[in-house]
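Notes to accompany the following structure.
Just so you know, all these numbers are worked out from the coordinates, no wet-lab data involved. None of these values were measured; they are calculated from a predicted model. In this analysis, Cβ positions are derived from the backbone assuming ideal geometry, glycine residues included, and neighbour counts consider all displayed protein chains.
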Amino acid sequence: MVEALLPSYHLRQSSHDTLADAITKGSTFAPQVDAEGFCRLQPLSAGDLPGQALSSFVPLKKMFLPPREKLWSFQSGQFSELEQPEPFAVVGVPLCDLQALWYLDQVFAEDLPYQKRRARSLVVAMPCEPTPDCRCDPQLMPVAGDLFLEQKCAWALSPAGDSLLRSCGAGGAEDQPLPWPTASPERRPQLTEEQLRSSADAAIWAEAAQSCLACGACSVVCPTCYCFDLLDETATDGSVTRGRLWDNCFFAEHAKVAGGHDFRPGRANRLHFRMEHKFFGFGALQGQNSCVGCGRCRRVCPVDIDFDQIAAKLGGEELS
């Protein structure tokens, strides 16, 4: 994939201040470290922009695919309308999370609740400081979002972002690549789809399953994991509400179907499935690696399972 050239605008201090006010005029969220030391997406004060991007514990996806949401209700012969979400902005996310957002945009391209939230959002990325867990790759997939913002320069990532920059007095536009982190990330293993698919019965999965707790933490914090369940609740008055809530491919009931058959009864099966889905996708996104290298799964796993290390062993490589 050839790295895209995007409109880059020069920002005077006055333009930067005007842009900060415009971005934060409504409900605004940014990754911020709380008193317990966790980085969470929290409300931001008007006119106050963070200095750099941070990797939030639970990623950007929760703003567009909430952990639990009401889809519709039916009462007295009438279906309710989906509520129109309030406009909001998310500021200070890293570029790898914008790649993840692009991926989710493809998955939920025809999902009305998701698309309504996307249409009412403004997403602003900023430079980040790579950590030892970071393995981002600018060539992996495109980015979504609206702006990439530095102190004296801003990149327009969408028509809405371009319009906002122009309205704030930004000038001197010229096409430039996005400034991804310059620190060399740890090399990713080179594993083919055939190598992974044919390894379903390999001993490495049973070995990893011995320590895996099937807690699902890696899926919860992954910016491109999107499994969900649908739940219909019926009240005594005959009304029905349908909700959507996050599901997890590590949970025991996830692959169980009517009649009690379980397609992935063991942890080894689930580990293999998750890695196959993450590295090679399926459906319309077959062949698309959706691991953006953010490192969240490595940081939260209580038993230190590293999918890149598994991939390296399957491919006959050694990672440092």
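Before moving on, here are some points about what is shown:
- Rounded to the nearest 20 debye, dipole of region 246-310 from Cβ charges on Lys, Arg, Asp, Glu: 80 debye
- Proximal charge balance of Arg68 [Cβ under 13 Å; K/R count +1, D/E count -1]: 0
- Among 76-87, 242-253, sorting by the average number of other beta carbon atoms lying within 10 angstrom of each residue, highest first, gives 242-253, 76-87.
- Residues Thr236, Thr24, Thr241 arranged by fewest to most Cβ contacts within 10 Å: Thr236, Thr241, Thr24
- Of interest is the spacing of the C-alpha centroids, which for region 49-115 and region 15-44 amounts to 17 Å.
- Between Glu253 and Gln84, the simple spin-label model (points 7 angstrom out along Cα→Cβ) gives 3.7 nm.
- Across the chain, the fraction of Cα-Cα pairs farther apart than 35 Å, rounded to a whole number, is 27%.
- Region 139-252, Rg to Rh (Cα coordinates; Rh as Kirkwood inverse mean 1/r): 1.14
- Given charges at Cβ of Lys, Arg, Asp, Glu: the chain dipole, positive-most of Leu245, Cys134, Val221: Leu245
- Summarising the strand pairing of the chain, around 75 percent of its internal DSSP beta bridges are antiparallel.
- Net charge of Cβ neighbours under 10 Å - reference His10; Lys, Arg +1; Asp, Glu -1: +1
- Fluctuation leader among Asp162, Asp146, Asp262 - the chain, Gaussian network, Cα springs under 10 angstrom: Asp262
- Taking Cα centre as origin and charging only the Cβ of basic (Lys, Arg, +1) and acidic (Asp, Glu, -1) residues, the dipole magnitude of the chain rounds to 180 debye.
- Relative contact order (percent, whole number), region 183-320, Cα cutoff 8 Å, 6+ residue spacing: 34 percent
- Mean ellipticity per residue at 222 nm, deg cm²/dmol - from DSSP H runs of n ≥ 4 across the chain, formula -39500 (n - 2.57): -7500 deg cm²/dmol
- Taking all Cα pairs closer than 8 Å and separated by 6 or more residues, the relative contact order of the chain comes to 23 percent.
- Footprinting exposure proxy for Cys153, Cys168 (fewest neighbouring C-beta atoms within 10 Å first): Cys153, Cys168
- Local electrostatic count, Ala53, Cβ distance below 12 Å [Lys/Arg +1, Asp/Glu -1]: -3
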